[in-house]
Amino acid sequence: MAEVGIVGAGFIGLASAGWLMRDGHRVTLFDPSGVAQGASFGNAGTFAPYGCIPVNNPSVFRDLPRFLLSSESPFRLRWSYLPHVLPWLVRFMINSTRRRYEASASALAALLAQAQAGYAPLLEERDLAKFVRPRECLYLYSSGASFDASRASLNLREQLGVSFDVLSAEEVCGLEPSLAPIFERGVLFRDSWHFSDPQAFLLSLYDVLAARGLELERKSVSALAPASEGVTLTTDDGAPRRFDHVVVATGARSAKFAAQCGNRVPLDTERGYHVRYRGASQLISRPVGWAERGFYMTPMDEGIRVAGTVELGGFSDVRNRSLLDLLTFSSKRALPALQQPDSTWLGFRPTLPDGVPVLGRASASERVIYAFGHQHLGLTLAGVSGRIVADLVARRAPPLDLTRYAATRF
Ligand SMILES: Cc1cc2nc3c(=O)[nH]c(=O)nc-3n(C[C@H](O)[C@H](O)[C@H](O)COP(=O)(O)OP(=O)(O)OC[C@H]3O[C@@H](n4cnc5c(N)ncnc54)[C@H](O)[C@@H]3O)c2cc1C
């Protein structure tokens, strides 16, 4: 049995705690904001095993200029942030060449193939399966041209083992009658599902684990230092603590810990937004994504959550009104019965320029384990990431070769 500290209490930290505690380890979570307050709070809630197509893909060479300049684009750049993000953006473009994009897609698909198995033990806990809504996600195209443009990525998904059905406009309306008849094509992804409330799921998982001894310290961690036979973790109040292993699961804020442990990683954030329509969930029976507008509408316990968009703009709390307006305007266009959103949210996805997470050991210490950078897929990949973390601590073979996810790949 080992003493393990986990920094960060989002999807990745909690799933890691669940898997580590199955092995009998004593686990302490550190997070100043408590459970599920980062990107894990307000995401679209979809378990998306089909999500192997990274944002870095060859179409960005064609689409990026239009995306960055159009007021209808779901992809934005804060121009004041450009000097800071430029090196990341250059790497992102380099990773959008066909060869690199296919390598990223293959790395994601290999993880996604293990995603359901990674969740299974977590969902077996007490009554946690009650948060799962087993309704396949529907992706929609409002123009035949954009559906045609997506054929190459659909073909790649198919080659990588993703199962889906292509639907006609009539089939889309038959499946979700409240949608406006503006969609020409749909894609229904098999084996996908969503959480009725991602935060409530994580809080319940935390309760289950806390009853078994998981500790949560609401403290910010300032430093990690490899020590002999362990790791020294220092919190903001200055008190050093020693653990046998430490897991870095701080999402978009993980680069500084990687630097302290021997790795320079080009981690940045893709800001994403949601607007919520309280009490409107009956309008759709499943997550419905609008491809051209870059968002999902997910029916949750609280109402419909409309989540998505990508904004390169760092960690400023200032919200981009025009992206929130885009989500509101577009969701009302798709679902005309929607009234007015009653709340909005901004979150920070952790994103590396190749769209692949970092999973593996730190260069400076095999006792520091990285699990961050899950970009658009952190909810989906939480279970398998937790399993990998537990395998590394136990020195068991993980379910797949981790070379492609190493922090040293940059
Ligand atoms: C709009 C939007 C929609 C999305 N939709 C989906 C979806 O449908 N499906 C999907 O799979 N993924 C989705 N995602 C992505 C997913 O939400 C993220 O990948 C995931 O939440 C990342 O989880 P995490 O645990 O790594 O990070 P986070 O949830 O951000 O947690 C990191 C935690 O680390 C803590 N922390 C940071 N610094 C410190 C420190 N120094 N000391 C201690 N603690 C610290 C923070 O307080 C935070 O709580 C979406 C994201 C967004 C923004």
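Give me the percent relative contact order of segment 243-300, please, defined on Cα pairs under 8 angstrom at least 6 residues apart.
On the way: 34 pairs, mean separation 11.5, N = 58.
RCO, segment 243-300: 20 percent.
Taking the empirical scaling 2.2 N^0.38 Å for compact globular proteins as reference, the chain has a Cα radius of gyration ratio of 0.95. What is the sum of charges, Lys and Arg at +1 and Asp and Glu at -1, for the other residues whose Cβ falls under 12 Å from the Cβ of Leu267? It works out to a net charge of +2.
A cut-off under 13 angstrom between Cβ atoms defines the neighbours of Glu102, and their net charge, with Lys, Arg +1 and Asp, Glu -1, is +4. Counting only protein heavy atoms and a probe of 1.4 Å, the accessible surface of segment 52-102 is 62% carbon and sulfur. Per residue, the solvent-accessible area of segment 1-85 (1.4 Å probe, heavy atoms of protein chains only, all protein chains present) comes to 37 Å². Sorted largest first by accessible area at a 1.4 angstrom probe radius, with every protein chain in place, the residues Met93, Met300 fall in the order Met93, Met300.
Length gained on full extension, Ala223 to Asp165: 16.0 nm, using 0.36 nm per residue less the C-alpha separation. Normalised per residue, the accessible area of segment 337-399 is 29 Å², obtained with a 1.4 Å probe and no contribution from ligands, DNA or RNA. Over segment 252-403, Cα pairs under 8 Å with separation of 6+ residues give a relative contact order of 26 percent. Straight-line cross-link partners of Lys332 among the aspartates and glutamates, defined as a Cα under 17 Å from its Cα and at least 8 positions apart when in the same chain: Glu72, Glu176, Glu292, Asp342. Once neighbouring chains are kept in place and the probe is 1.4 Å, which whole percent of the accessible area of segment 204-285 is contributed by carbon and sulfur? Exposed carbon and sulfur together represent 46 percent of the surface. Near Trp345: Cβ cut-off under 15 Å, other residues only, Lys/Arg at +1 and Asp/Glu at -1. The net charge is 0. Suppose the Debye formula is applied to equal point scatterers at every Cα of segment 166-231; what is log10 I(q)/I(0) at q = 0.13, 0.20, 0.27 Å⁻¹? Values, matching the q order: -0.69, -0.95, -1.11. In plain terms, the C-alpha convex hull of segment 211-347 casts an average shadow of 11.9 nm² when viewed from every direction.
The values are calculated or read from the model by the stated rules, or taken from the named source; none is laboratory data. None of the values given here were measured: they were computed from a predicted structure. Positions of Cβ are generated from backbone atoms using ideal geometry, with glycine treated the same way; all protein chains shown enter the neighbour counts. Please note that ligands, DNA and RNA were not included when accessible areas were found on the heavy atoms of the full protein model with its side chains. Shrake-Rupley method; radii C 1.70, N 1.55, O 1.52, S 1.80 Å.
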